[in-house]
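To start, the structure itself, in structure tokens.
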Amino acid sequence: MQAKETSLKGCYILEPTIFGDERGYFFESYNKKRFESLIGETVNFIQDNEAFSNKGALRGLHFQEGEHAQAKLVRVTQGTVIDVAVDLRPKSETFLKHIAVELSSENKKQLFVPRGFAHGYIVLSETAVFNYKCDNGYNKASENGVIYDDKDLNIDWQLKPEQLIVSEKDKVLPTINELFK
């Protein structure tokens with residue numbers, strides 16, 4: 001496995017070493033010791049989640065606040081998504097910057113999203129299975145988010161607005177300006 005820090009400090013793209021032959025392929029998708037040595041910090045993942053979504057499903061931009069903040073290690077096991085991380089750490093040199101990374105069952109890339117980031121994704125393929133590890137449990141009282149079409153973030157979701165499938169909850173999330181007045 002190799003890790004490359006993105007333009008957002010502490011946010012990494014991980015690429016596995018894939019061994020293939022006439023039978024198919026094999027790769028190690030997660031190894032705690034190797035992962036932590038690559039990113040230079042200790043992360044204690046406590047939960048794995050999986051989501052199935054149809055083309056155009058946009059989930060995000062979500063985060064947990066305070067002591068319930070979550071770091072995530074995300075990957076796609078079927079299909080293709082654009083995965084987005086937004087740095088919400090006010091003291092960070094990349095505060096309010098974002099990255100968008102294509103994750104797919106073909107490229108097998110993973111994205112490590114540290115605590116203090118909003119996270120979301122959109123499905124580009126007909127369907128997708130999205131898997132992620134979290135280092136903290138979900139707490140409803142601590143959930144928050146940023147509206148996906150925030151003009152200041154100007155995220156390119158790569159689909160037309162009429163193609164998006166967005167939950168009612170995600171349609172009313174605050175803007176960056178409303179969060180950081």
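The values are calculated or read from the model by the stated rules, or taken from the named source; none is laboratory data. In this text the structure is predicted, and so the values were computed from the model without any measurement. Note: ideal-geometry Cβ built from the backbone for every residue, glycine included; neighbour counts use all protein chains shown.
Just one of the listed residues (Gln78, Gln47, Gln64) is out of contact with any Ser or Thr (no Cβ under 8 Å at 6 or more places or on another chain) and either under 22 Å from Gly137 (Cβ atoms) or not acidic (Asp, Glu) (or both), namely Gln47. The residue list Lys160, Lys171 contains one member that is charged (D, E, K, R) and closer than 17 Å to Leu61 by Cβ, which is Lys171. Among the residues making up the range 158-172, those that are of a type outside the set (S, T, N, Q) and either under 15 Å from Thr127 (Cα atoms) or not in a loop (DSSP other than H, G, I, E, B) (or both) are Leu159, Pro161, Glu162, Leu164, Ile165, Val166, Glu168, Lys169, Asp170, Lys171.
Does the range 1-53 hold any residues that are surrounded by 13 or more Cβ atoms within 10 Å (Cβ to Cβ) and assigned to a loop (DSSP other than H, G, I, E, B), and which are they? Correct list: Met1, Thr6, Leu8, Lys9, Gly10, Cys11, Pro16, Ser29, Tyr30, Val43, Phe45. Pairs are defined by a Cβ separation below 7 Å, a sequence spacing of at least 6 or placement on different chains, a first member in the range 84-96 that is among the aromatic types (Phe, Trp, Tyr) and modelled with pLDDT of 95 or more, and a second member that is surrounded by fewer than 17 Cβ atoms within 10 Å (Cβ to Cβ) and part of a strand (DSSP E or B); no pair meets this definition.
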